[in-house]
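Below is one structure, written out as structure tokens; the observations come after it.
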């Protein structure tokens, strides 16, 4: 299971170093794609393949799910971490997520998410409010 929150910087080539604690849980081969909340999703291949199988089964009859597939797969890159645990973020994905110099790397159960720090702070506020409402209604 992937967890934790880390602040890193992109290097001059647009690479991010994936924290050791997260690297230990993923193989060197990963899938990088757009996330739904203006972030990037980084999937270990084994979790991506499980997700693909799930989508294959469900998408045959679900029009909305086919749009999800288009969104995720049209922005997906199959890549490998280098020996130093770095991953190149394609310019197209950096622009989508507004990632510039600083980057927040979080573990999110079966994937790693990469965030612009300001976007992440806003998202955490939304999450906090949502969790409070959920707990109050339970």
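Set the Förster radius R0 to 22 Å, insert the Cβ-Cβ distance between residue 77 and residue 109 as r into 1/(1 + (r/R0)^6), and round the FRET efficiency to 0.05.
Working: r = 21 Å, r/R0 = 0.96.
It comes out at approximately 0.55.
What spacing in nm lies between the two simple spin-label points modelled at residue 29 and residue 57, each 7 Å away from Cα in the Cβ direction?
Inter-label distance under the simple model: 2.3 nm.
Can you tell me, using C-alpha contacts under 8 Å and at least 6 residues apart, the relative contact order of the range 1-79 as a whole percent? Write down the numbers at each step before the final one.
Values: 62 pairs, mean separation 23.3, N = 79.
Dividing the mean separation by the residue count of the range 1-79 yields 29 percent.
What is the range 53-116 by shape, rounded, prolate or oblate, if you read a ≥ b ≥ c off the alpha carbon gyration tensor as root eigenvalues and call it rounded for a/c under 1.5, prolate for a/b larger than b/c, and oblate otherwise?
On the way: a/c = 2.24, a/b = 1.87, b/c = 1.20.
The shape class here is prolate.
Normalised by the number of residues in the chain, what is the relative contact order in percent for Cα pairs under 8 Å and 6+ residues apart?
Working: 201 pairs, mean separation 51.8, N = 138.
The normalised contact order for the chain reaches 38 percent.
Which value in nm describes the separation of the simple spin-label points at residue 46 and residue 68, placed 7 Å from the Cα toward the beta carbon?
Each label point is offset 7 Å from its Cα along the Cβ direction, giving 2.3 nm.
If each residue's Cβ is checked for other Cβ atoms within 10 Å, how do 93, 114, 42 rank with the fewest at the top? Before the final figure, lay out each step's value.
Working: 93 22, 114 25, 42 28.
With the fewest neighbours first, 93, 114, 42 line up as 93, 114, 42.
Between residue 118 and residue 7, what is 0.36 nm times their sequence separation minus the Cα-Cα distance? Round to one decimal in nm. If you can, show how the numbers build up before the last one.
Numbers: separation 111, 0.36 × 111 = 39.96 nm, distance 1.17 nm.
Between residue 118 and residue 7, full extension yields an extra 38.8 nm.
Largest first and to the nearest Å, give the Cα extent of the chain along each principal axis.
So the three principal-axis extents are 42, 37, 28 Å.
Since every read-out is calculated from the coordinates, none of them should be taken as a lab result. None of the values given here were measured: they were computed from a predicted structure. All Cβ positions, even for glycine, are placed from backbone atoms using ideal geometry, and neighbour counts span all protein chains on display.
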